[in-house]
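Working notes, structure below.
What follows draws every value from the coordinates through simple rules; no lab data is involved. If you're wondering where the values come from, they're calculated on a predicted model, not measured in any experiment. Here Cβ is always computed from backbone atoms with ideal geometry, including for glycine, and neighbour counts include all displayed protein chains.
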């Protein structure tokens, strides 16, 4: 049963429903895979083997007596280290939260558990989700399963690497400026960022509250549709949660695109996009045309201001949100002769370099005399970007573009050049600024074997549109079936 780790969530649900495999067998298959491979990848921060097996045995007993909680009962899933899970440390990849044990489940976590899913382990991430490469974690660098000299993307790099390497069937992750879509693209898997408010943020440690969104990274589009249906929906514990009915997203999946209007944004196909990325994405658009879609050129004229606006708004909100981590109530506490010195020592010791950089930037743009010049203007640009998308979606159903201007880059290549790192977010931050939905699906490889992601953007509450488009393209192409040729210490392929 060792091959079980290679299956999708839907495949597992079918097999377990027919009694062809047990939850214990599924969990053991994954644990063995993690044992063999994760020493090379570094996707997991922790794996609770005993609890996972206990929950698997309980799931098997429920199924044997006809009391299964759902078709997903007994299927394990990985969780990014930014979600609160009752009884587990939630460190957000940071030293400052060492020792903090969550007293409750995040709503998205609770909804997965209610279906009987097993939370296998916590996945590595850039500290407080601040990064695009998972090199900013206080607990080590995660590496790309396709080439261990490359980054897996970020901030959900552990989540994407685990799914790509078949060390997780799916993972719960977050996207503030592309942190689900970009690592999914770099690692050759599917990453879904829902509309802002579609999935509750309750229990998700905040980075930038008006931009953060919970979503999933999966092996294929069908699994993304399935899991979105589980975690989406109104939550009274989250004031930004949308009170809208959750459709059966699996029912919207089709293998053709007849009647679908695809927007081709001229601002996303410009100088600076790697030629192999541009070639793969152009090929994907032509494949969608072959499947029956109409391709329409659209304009998103304020795209060039997106990165600047994003890094002002996000850092300003981070400055406010991270003020609570001061050594008083939980986490790390450094010494000091008085409370002020203790605050300073704790934050100096507990936060990493990138987090400090963003707190300083955010505090600066919010400070007296600079608020209007930076933060207020950035919010105005945000309104213009949102208006750009609203105009574009009047003539098209979805927009297709590269997920990132380049494929995965080398570990260490950009750590000393933060501006270059930030500019790599140009095609993903716009969706967060506008509050719309987006998905990244594999669409090819560069000549040197790095995965390329196709980004499909839809209007607010347009998940059915992007999932339909993504599924039709996926089923017509082989890219989602490719897996990295990685061998572990036992020679497992």
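In table form, for the structure just shown:
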| item | result |
| --- | --- |
| Percent of alpha-carbon pairs separated by more than 41 Å within the chain | 13 |
| Cβ-derived FRET efficiency at R0 35 Å, residue 364 paired with residue 251, nearest 0.05 | 0.10 |
| The stretch 354-487: proportion of alpha-carbon pairs further apart than 19 angstrom, % | 63 |
| Sequence ranges 178-191, 224-237, 139-152, 406-419, ranked by mean other-Cβ count within 10 angstrom, highest first | 178-191, 139-152, 224-237, 406-419 |
| Distance in nm between pseudo-label sites at residue 447 and residue 40 (7 Å out along the Cβ direction from Cα) | 2.6 |
| The chain: relative contact order as a whole-number percent, Cα under 8 Å and 6+ apart | 18 |
| At R0 = 25 Å, FRET efficiency that the Cβ-Cβ distance of residue 299 and residue 258 yields, to 0.05 | 0.45 |
| Rough spin-label spacing in nm, given labels placed 7 Å along Cα→Cβ, for residue 104 and residue 308 | 4.1 |
| Computed lengthening from residue 274 to residue 69, 0.36 nm per intervening residue step minus Cα-Cα distance | 69.1 nm |
| Nitroxide proxy distance, nm - points 7 Å out along Cα→Cβ at residue 419 and residue 323 | 3.0 |
| Residue-span extension gain [residue 483 to residue 289] - 0.36 nm each, minus C-alpha spacing | 67.2 nm |
| The stretch 332-423 shape via C-alpha gyration tensor axes, a/c threshold 1.5 | oblate |
| Gyration tensor verdict on the stretch 212-286 (Cα atoms; rounded if a/c is under 1.5, prolate if a/b is larger than b/c, oblate otherwise) | prolate |
| Highest average packing first - 157-164, 267-274, Cβ atoms within 10 Å | 157-164, 267-274 |
